[in-house]
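The values are calculated or read from the model by the stated rules, or taken from the named source; none is laboratory data. Note that the coordinates shown come from a computational prediction; the quantities given were computed from them, not determined experimentally. Note: ideal-geometry Cβ built from the backbone for every residue, glycine included; neighbour counts use all protein chains shown. These accessible areas exclude ligands, DNA and RNA; they are computed on the full protein's heavy atoms, side chains included. Shrake-Rupley method; radii C 1.70, N 1.55, O 1.52, S 1.80 Å.
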Amino acid sequence: MLPDMNPADVIGSYREVVLPLYGLPPRRVLLVDREVAYPDGRLIVSVTDLRGVITHCNSAFVEMSGYPQETLIGAEHSILRHPDMPAIAFKGLWDDVQAGKIWHGYVKNLRRDGAFYWVYATVIPNVRAGKVQGYTSVRRKPARLKVAEAARLYAQLLAGEGGK
Amino acid sequence: MSASMNGVTSEKYQLTVSPDFPAKRMSSWFIFNTWLQKALGMPIHLELYPDFDSQRAAISADKVDIIYANPYDAAMLVREKGFVSVARPAGKCDECIVAVAAGSGAQVVEDLKPICRVARTDDPGVNLVGMILLEPASLGHDNTQILTVESYPLVAKALMRGEAEVGFFLAEAFDELSSLVRHQLRPLVHSQISDFSHVLLLGSRLAERREEVTRVLLDMPAEAKGQDVLAELGFAAWERVTQEDTEFMIDLMDTLKA
Ligand SMILES: Cc1cc2nc3c(=O)[nH]c(=O)nc-3n(C[C@H](O)[C@H](O)[C@H](O)COP(=O)(O)O)c2cc1C
């Protein structure tokens, strides 16, 4: 279960949204209209178990998300979920990786301080001795043109989902 | 390749090194090989291939038993050829530098425009990461022109002569360019990935000696001769690499290749 976001962590004025999560109680998230640029030359890496619980993350992940490593390890990956992302994007992710396939996509992520950052993400199943053990995601710096396209598409999809 | 005498098999094993090592380290690998043969008490022949293609052909033909592999090739060696991992140089990671000529108008990678001419070597890992570092500029295989040259000094030359707008370097190779050359170049992006490194792998004929090989490598700093050999190679110690460490690195590499 993911604790609600804490107003004390948030910088600037924010908007509050209650975010429904799959298989978890809804989470109160606090949104600030500020983008943090993806750092040049870095890869943001995380590994999850089969349910999407984080088992490893690198220092770029810690820095960009704003959460300490101790909070991230053992947390559901939806700790980064931003309400501007349509549910269908993540359904596609899970359908693909559970079928043993690689998934790519542009993702808007929510930071602990309420700001957001865009990434281009790839998720692959980790196969060990013929069995899927978990999933690895590597994010890289996206092209701005692609981010603009994705933002438009996601807004349409969200409207279709009856989103906020 | 193997001669049988009185039922005892005397085999000669082959050691090879990823062709991306700096030219000045060539003799170091001969020194390392001499040391390794003595430490393990077995005959090993060092074969240095001039390029990635010829090395790959030797791997396919199962000629290689010990390899100091770059992270890109490690994927194929472990997943397709059953190599097992032993050790990597402690605290040494493979990073990539995307550089321009010092006088270039580009201040950030997003300033680069298609059709962009890219100078690079045939090093597959560096080229993969280099292309990823160009993605924020919306540059990819369809709007870049690739100029493949034989060495990193030649990548530098192509930039200085204006034959390419950007060049890809293994960071270590960039640092080893002469300062005269380096001053005519400017890094635009320096990767900070930390998870990729070269790794020493054993093929199937030696896989069962993995523990022994690991032990002699880890013990190198404990004796004077070992220290000298490490100094030649340019690092202070080997560090143990578990199979899972290598599998993790390969998963990362696979996400970048996809
Ligand atoms: C390896 C891996 C990495 C993921 N990375 C992210 C991420 O960076 N941001 C995100 O919102 N969801 C990510 N997800 C998806 C989440 O698990 C989750 O499905 C998503 O946040 C939507 O939440 P929900 O499934 O509870 O609706 C990732 C999943 C996996 C397997």
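The fraction of accessible area contributed by carbon and sulfur in the protein assembly as shown is 53 percent, rounded to a whole number (1.4 Å probe; ligands and nucleic acids excluded). What is the Cα centroid distance between segment A:128-146 and segment B:185-258, reported in whole angstrom? So the two Cα centres are separated by 23 Å.
Taking Cα centre as origin and charging only the Cβ of basic (Lys, Arg, +1) and acidic (Asp, Glu, -1) residues, the dipole magnitude of the protein assembly as shown rounds to 600 debye. Accessible area per residue was computed with a 1.4 Å probe on protein heavy atoms; residue B:242 scores about 60 Å². For segment B:96-190, the spherically averaged projection of the C-alpha convex hull amounts to 5.0 nm². Can you give the log10 of the normalised intensity I(q)/I(0) at q = 0.18 Å⁻¹, computed with Debye over equal Cα scatterers of segment A:59-106? With no solvent term, the Cα-only Debye profile gives -0.72.
Return the subset of B:12/B:63; A:91/B:257; B:12/B:225; B:12/B:38; B:92/B:157 for which the Cα-Cα distance in this structure is over 18 Å, preserving the input order. Exceeds cut-off: A:91/B:257; B:12/B:225; B:92/B:157. Taking the longest Cα principal axis of chain A as reference, the axis of helix A:144-160 is set at about 80 degrees. Build a GNM of chain B with springs between Cα atoms under 10 Å apart, and of B:197, B:179, B:18 the one that fluctuates most is B:179.
Legend: calculated FRET efficiency, residue B:34 to residue A:59, from the Cβ-Cβ distance at R0 = 41 Å, rounded to 0.05, equals 0.55. When A and B come together, around 1800 square angstrom of accessible surface is lost from both chains combined, probe 1.4 Å. Seen through its C-alpha gyration tensor, with square-root eigenvalues sorted a ≥ b ≥ c, segment A:1-92 comes out rounded because a/c lies under 1.5. Summing Cβ point charges (Lys, Arg +1; Asp, Glu -1) relative to the Cα centre of chain B gives a dipole of roughly 540 debye.
Between residue A:151 and residue A:6, the FRET efficiency estimated from the beta carbon spacing at R0 = 25 angstrom works out to 0.40. A DSSP coil position with no more than 11 other Cβ atoms inside 10 Å describes the following GluC sites (Glu not before Pro) in segment B:29-133: B:80. For segment A:35-161, the alpha carbon convex hull comes to 104 Å³ per residue, rounded to a whole number. In the context of the full set of protein chains, segment A:35-161 has a per residue accessible area of 42 Å² (1.4 Å probe).
Starting from segment A:6-110, pick out the chymotrypsin sites (Phe, Trp or Tyr not before Pro) whose DSSP state is loop and whose Cβ has at most 15 other Cβ atoms within 10 Å. When the chymotrypsin sites (Phe, Trp or Tyr not before Pro) of segment A:6-110 are filtered for loop state and at most 15 Cβ neighbours within 10 Å, A:22 remain. Within 10 Å of the Cβ of each residue in B:102-113, the mean number of Cβ atoms contributed by other protein chains is 1.
Above 38 angstrom, tally the Cα pairs of the protein assembly as shown and express them as a % of all pairs, no decimals. When every Cα pair of the protein assembly as shown is considered, 31 percent fall beyond 38 Å.
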